[in-house]
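The structure appears below as structure tokens.
What follows is calculated from the coordinates using simple rules that are stated; it is not laboratory data. Remember, predicted model here, so these are calculated numbers, not experimental data. FYI the Cβ positions are ideal-geometry reconstructions off the backbone, even for glycines, and counts take in every protein chain you see.
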Amino acid sequence: MKSYKTLMREGYFLLEEKRSRFIARARPVQTESEALDFIQSIKTSCWDATHNCYAYSVGTDSLYQRYSDDGEPQGTAGLPMLEVIKKKGLHNVVVVVTRYFGGILLGAGGLVRAYGKACAGGLEDGGEIWVKSCLKLRLPVEYHLSGKIQNMLLSEDFIIADTEYTDVVKFTVYSPAERKEFLESQIREITGGVLLLEEAGIEDIRVDDKGNVLEDKNKEKKE
């Protein structure tokens, strides 16, 4: 199970350089088909633009990486955009930079800088998150031990997704599969050998830079 960094939402950035406008739109995607559909939608809506250049990286192993200069001098638009994506370590993202020519030539170096800067701005506006494939676990604990369990979970970087208070304290915890045995040993140590840990499947969760689990709106729509 792999973790990867991607965008939280669609990003937008406008750069004006010597009267030319560079409009970057960045979006998280799951498949190459989604990336291509997004590119086509921008080309359709911005049909009057001088250029619609793009770059995308799809797959946690960067299986699909493509770019296009869309008529700009070779290597001055799509490739610099892809390099920005790679430098940021992002996966499953697509960026389209639309250019409206302002009448002043920028030269190859100027184009590389403009497309790279616009791409970076669009990605930054989209915000970065981690997608982690984790075991979802339910852990019921007696009240007098709940504080110690909670402190252990937090200090060991396990993700507490929910806490329910009934006759016991019920934690919903996300853990990498390879750390499950360690988690079990920590629980036994605190509870004196008692282990009540229920597996509730494997989920891809979205986590911000503070470790908070984010709601997956796309997942809700599918369900």
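Here are some notes:
- Whichever aspartates and glutamates have a C-alpha closer than 17 Å to that of Lys180, once near sequence neighbours (fewer than 8 apart) are set aside: Glu156, Asp157, Glu189, Glu198, Glu199, Glu203, Asp204
- In the chain, the calculated helix contribution to ellipticity at 222 nm averages -10500 deg cm²/dmol per residue, counting -39,500 (n - 2.57) for every DSSP H run with n ≥ 4.
- Near Lys170, once Lys and Arg are set to +1 and Asp and Glu to -1 for all other residues with Cβ below 15 Å from its Cβ, the sum equals -4.
- Helix axis angle, 32-45 relative to the chain longest principal axis, alpha carbon, degrees: 40
- Options Ile205, His144, Ala161, ranked by Cα towards positive dipole end of segment 130-222, top entry (Cβ charges): Ile205
- Take the Cα of Asp209, go 7 Å toward its beta carbon, and the backbone nitrogen atoms of segment 109-146 under 20 Å from that spot belong to 117-132.
- Crossing angle, helix 180-191 versus the chain [Cα axis fit, 0-90 degrees, rounded to tens]: 40
- Normalising the average separation of contacting C-alpha pairs (under 8 angstrom, six or more residues apart) by the number of residues puts the relative contact order of the chain at 23 percent.
- The structure-derived value of Cα extents along the principal axes in Å appears in the list (1) 75, 32, 28; (2) 57, 38, 30; (3) 57, 41, 40 under the label (1).
- Pairs with C-alpha atoms separated by more than 30 Å, drawn from the list Lys43/Lys88; Lys87/Lys132; Lys43/Lys136; Lys5/Lys43; Lys2/Lys87, are Lys43/Lys136.
- At an R0 of 22 angstrom, the distance between the Cβ atoms of Ala161 and Gln30 translates into a FRET efficiency of 0.50.
- Placing +1 on each Lys and Arg Cβ and -1 on each Asp and Glu Cβ, with no other charges, gives the chain a dipole about its Cα centre of roughly 820 debye.
- Angle in degrees between helix 78-87 and the longest Cα principal axis of the chain, rounded to the nearest 10: 20
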